[in-house]
Amino acid sequence: MDEATGEEYIVEFEPLGRRTQVTRGTTLLEAARQAGVGLSAVCGGAGTCGTCRVRVVGGEVSPPVEGEREALADGFRLACRTRVLGDVRVDVPPTSITAPQRAQIEGRELAVELDPAVRTCDVAAEPPSLTDLQADAARVRDALDRQLPQLAAEDGAGIRFDHSALCQLPVLLREHDWQVRLVVRDREVIAIVPAGAPPLGLAVDIGTTKVAAYLVDLESGETLAAAGRMNPQIAYGEDVMARIAYTMDGASQARELQEAIVGGLSEMARDLCAQVGRDSAEIVEAVLVGNTCMHHLVLGLPVEQLGLAPYVPALARAYDLKARELGLCLAPGANVHLLPKIAGFVGADHVAMILATDISEAGEVTVGLDIGTNTEISLAAGERLLCCSCASGPAFEGAHIHDGMRAAPGAIEWVRLVDDADGGASGVEYQTIDGAPPVGICGSGVLDAVAELRRVGILRENGAMRVDSHPRVRGTGGATEFVLVPAGEREALRDVVITRKDVNEIQLAKGAIRAGVDVLLEEAGLEEGQIERVVIAGAFGTYLDVGSALAVGMFPPLPRERFVQVGNAAGMGAKMVLVSRRCRARTEEIARRVEYIELTTHARFVAVYTAALMLP
């Protein structure tokens, strides 16, 4: 492989219209990151996943290397293994790009008493004169003490000023005729906002794959705007372990990941405020939730220890800091609150989910699941609240699936096998996102397909395909596959298939989830039939068909009415904490109360997991 020589070349990404200038020897994946192109890289650029497939349509690049054989067969190259040797034009297919993707931002909200951590006070101060030379800050502090006497400290210190607010004070007092609206938090003036404007808050659920953000009026509790988008860190690795590995290459890589997510959050804040005619500098309080790794990456904390047993976080308790310390484009004096975590792989997002679904106080045996690359499971039974984390893998995001993709336009999201006129199952009905021509299949579609293939007898209990069971089955042994969509159907450019390996990926994912539930039941001394309610949260949990999940054995075989899908409960929990100090305190109680069960060291886990791999 040629080494970089300092020569610089232009790389153009089509049909996105993005271009960037890179030095000779830069990989196309690195160039995509630099150009802001969300190119999929499940393995973080290690060359093992095959998801960063692109077509080089012009220019000079390095010759193919070992590991690119499958991509080359379809006329593609792996971006992480292809280096720039001259000006290059690259075509990025829809299946390789991380956006646009359907993001789950809605969720069921519980009513809470409005009691945010900040309050506003309209102050009318007496202007100075030659006989009244009191300083501006003292003048405003006296007015605040008169209007909010409950904020006066016992030691007489009274109200204090955040430095950024203090810098604004003299100019704004004189511009607004000595009448200003101050935002106060814990006896500190943290911001000065336009007269009559309610202060804004920001609640964010930082997922490994997606980020959901909510702009909230802190005086009314109303959600003014909401948005979801891909986590910009995904270009550095699809899962937590890939990003941990990336940071281990050096301090600059760790900073790169932090800057990516902080920059993404600032951009979302600006976009949300623009939707309602406000400015992100008016956001005075933010609450961030996420798994433990996402929490550490946004704070710039080391994450190497999270990837090594015993997976201990650097910080588990709730944490507050100023927005400016993170580089977030909010009010400089704004506070950022991060919820407590439970363990290395059970983070603040699961605490927020428990809060939002109220499973800890429900008074019935309840299982709560937040399904993703890493699935967190809680079991509330009487006074006990047990929790575990299982590595369900990225199959539900379409990764490690032959024709897998994220939930973007053209992804098959729903599948049913139908009978022909003679009563034999020969046809396939399916639905794509946005009704676009099929280009691949996302997690919910894969789950449906496996459930249907098992239902009609194409799949054996162990996941193997019966070769002569259906005219759409082709291949032999471990290379068998089922053709969901033949090339040309509904403008499909190529066959979309489900392979034996795809079935195995779903078995591993669903087996991990089921084993986690079963282990928690054993620890609580309960049988599966005693579960009264199953709460399913998260983006994938919103769109999965519960019937298909039951058919493949992902969940205990319970009546369908015991299952409830609640959407983005973590985001809802973050909003509750944003507007209620009582809810903020409850998250501390939840984190202390949870009994965490480490599955990797549990005596029964391997046996339970092995049994859960089978298709019922």
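Please treat every number below as a calculation from the coordinates, not as lab data. For clarity, every value in this text was computed on a predicted model and none was experimentally measured. Positions of Cβ are backbone-derived with ideal geometry, glycine not excepted, and every protein chain shown enters the neighbour counts.
Could you tell me whether the stretch 479-616 comes out rounded, prolate or oblate from its Cα gyration tensor? Rule is a ≥ b ≥ c as square roots of the eigenvalues, rounded for a/c under 1.5, then prolate if a/b exceeds b/c, otherwise oblate. The shape class here is oblate. Annotation: extensible slack from Glu126 through Thr476 equals 117.2 nm (criterion: 0.36 nm per residue apart, minus Cα-Cα distance). Here the mean projected area of the convex hull built on the C-alpha positions of the stretch 119-193 is 4.9 nm².
Under 5 Å from the amide H of Arg89 lie the amide H atoms of Glu12, Val57, Gly58, Gly59, each residue being 5 or more positions distant or on a separate chain, with H modelled from the backbone and absent for Pro and chain starts. Amide H contacts for Ala191 (H built 1.01 Å from N in the peptide plane; partners 5 or more residues away or on another chain; cut-off under 5 Å): Val183.
Remark: the stretch 413-418, residue by residue, has Karplus-estimated 3J(HN,Hα) of 10, 8, 9, 9, 8, 10 Hz, where x stands for each Gly or Pro and the curve is 6.51 cos²θ - 1.76 cosθ + 1.60 at θ = phi - 60°.
Under 26 Å Cα-Cα from Lys510, which lysines qualify once same-chain neighbours fewer than 8 residues away are excluded? Reachable lysines: Lys210, Lys341, Lys501.
Applying a length cut-off of 24 Å (Cα extent along the axis) and a mean Kyte-Doolittle floor of -0.5 to the DSSP H helices of the chain leaves 251-275, 500-524. When all alpha carbon pairs of the chain are counted in 20 Å bins from zero, the resulting P(r) reads 19, 47, 28, 6, 1, 0 %. Our note on the geometry: Cα centres of the stretch 555-590 and the stretch 411-487, 35 Å apart. When you restrict to C-alpha pairs under 8 Å that are six or more residues apart and normalise by the size of the chain, the relative contact order lands at 13 percent. Secondary-structure-derived ellipticity at 222 nm for the chain, considering helices only, amounts to -8500 deg cm²/dmol, per-run term -39500 (n - 2.57) for DSSP H runs with n ≥ 4. With a Förster radius of 22 Å applied to the C-beta separation of Asp249 and Val65, the computed FRET efficiency comes to 0.65. Considering all C-alpha pairs of the stretch 200-338, those separated by over 21 Å amount to 40%. Shape analysis of the stretch 386-487 places it in the oblate category; the axes a ≥ b ≥ c from the Cα gyration tensor give an a/c of at least 1.5, with a/b not above b/c. The Cβ shell under 14 Å around Arg146 holds other residues with a net charge of -2, Lys and Arg each +1, Asp and Glu each -1.
Highest mean first, the peptides 354-367, 228-241, 303-316 sorted by other C-beta atoms within 10 Å per residue fall in the order 228-241, 354-367, 303-316. Each pair of Cα atoms in the stretch 353-442 enters the Kirkwood radius, and Stokes-Einstein at 25 °C and 0.890 mPa s then converts it into a translational diffusion coefficient of 153 µm²/s. The gain in end-to-end length when the Arg89 to Leu308 segment is fully stretched comes to 74.8 nm, 0.36 nm per residue minus the alpha carbon separation. Working from the Cα coordinates of the stretch 465-523, the gyration tensor eigenvalues give, after taking √(5λ), semi-axes of 32, 15, 8 Å in decreasing order. Amide H contacts of Lys210: Asn231, each under 5 Å away and 5 or more positions distant or on a separate chain (H built 1.01 Å from N in the peptide plane; Pro and chain starts excluded).
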